[in-house]
Amino acid sequence: MGPYQILRRIGKVAYVLYLPNDLALVHPVFHVSLLKNCVRDLTSIVPLEGLGLKENLSYEEVLVEILDRQIKRLKNKKVASVKILLKNQLVEGATWEAEADMMSRYPHLFLFVPTLA
């Protein structure tokens, strides 16, 4: 989200940001650890309109695609994980998640996945 204009600095570690009306319920003061440099690549900016923000400013992350699958062998068992791409996320931001967890939440994406042997 963003970029947002910095209105003023508060002390050594906080800033007041100018937020759009869509974020009127969000307190405009942020700690520096929550801020990042402005990214000039416009393709990496996610528009608020497309997120489907709820009244409490949360949104549901929707699994769009499984990019890869791996099985790690531990001492006495095998653990399967999948690399997932979420809606409104760049491929570079894809994460590895437990296959069993993703299978229970998104069974329609696992119709042809081989089982662990």
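Would you confirm whether any residue within segment 50-58 is of a type in the set (S, T, Y), out of contact with any Leu (no Cβ under 9 Å at 6 or more places or on another chain) and modelled with pLDDT of 90 or more?
Within segment 50-58 (the criterion being of a type in the set (S, T, Y), out of contact with any Leu (no Cβ under 9 Å at 6 or more places or on another chain) and modelled with pLDDT of 90 or more), the answer is no, since none of the residues qualifies.
Just checking, how many residues over segment 1-39 are under 19 Å from L57 (Cα atoms) and outside any strand (DSSP E or B)?
Within segment 1-39, residues that are under 19 Å from L57 (Cα atoms) and outside any strand (DSSP E or B) number 16.
Somewhere in segment 61-73, is a residue under 30 Å from L25 (Cα atoms) and either loosely packed, with under 13 Cβ neighbours inside 10 Å or not hydrophobic (A, V, I, L, M, F, W, C) (or both)? I'd like the intermediate steps shown before the answer.
Looking only at segment 61-73, we keep the residues that are under 30 Å from L25 (Cα atoms), and these are 61-64.
Retained after the next criterion (residues that are either loosely packed, with under 13 Cβ neighbours inside 10 Å or not hydrophobic (A, V, I, L, M, F, W, C) (or both)): 61-62.
Yes.
State all residues of segment 73-108 that are at pLDDT below 80 and among the hydrophobic types (A, V, I, L, M, F, W, C); if no residue qualifies, say none.
L90
The values are calculated or read from the model by the stated rules, or taken from the named source; none is laboratory data. Fair warning: this is a prediction, and the values are worked out from it, not measured in the lab. Neighbour counts run over all protein chains shown; Cβ positions are idealised from the backbone, glycine included.
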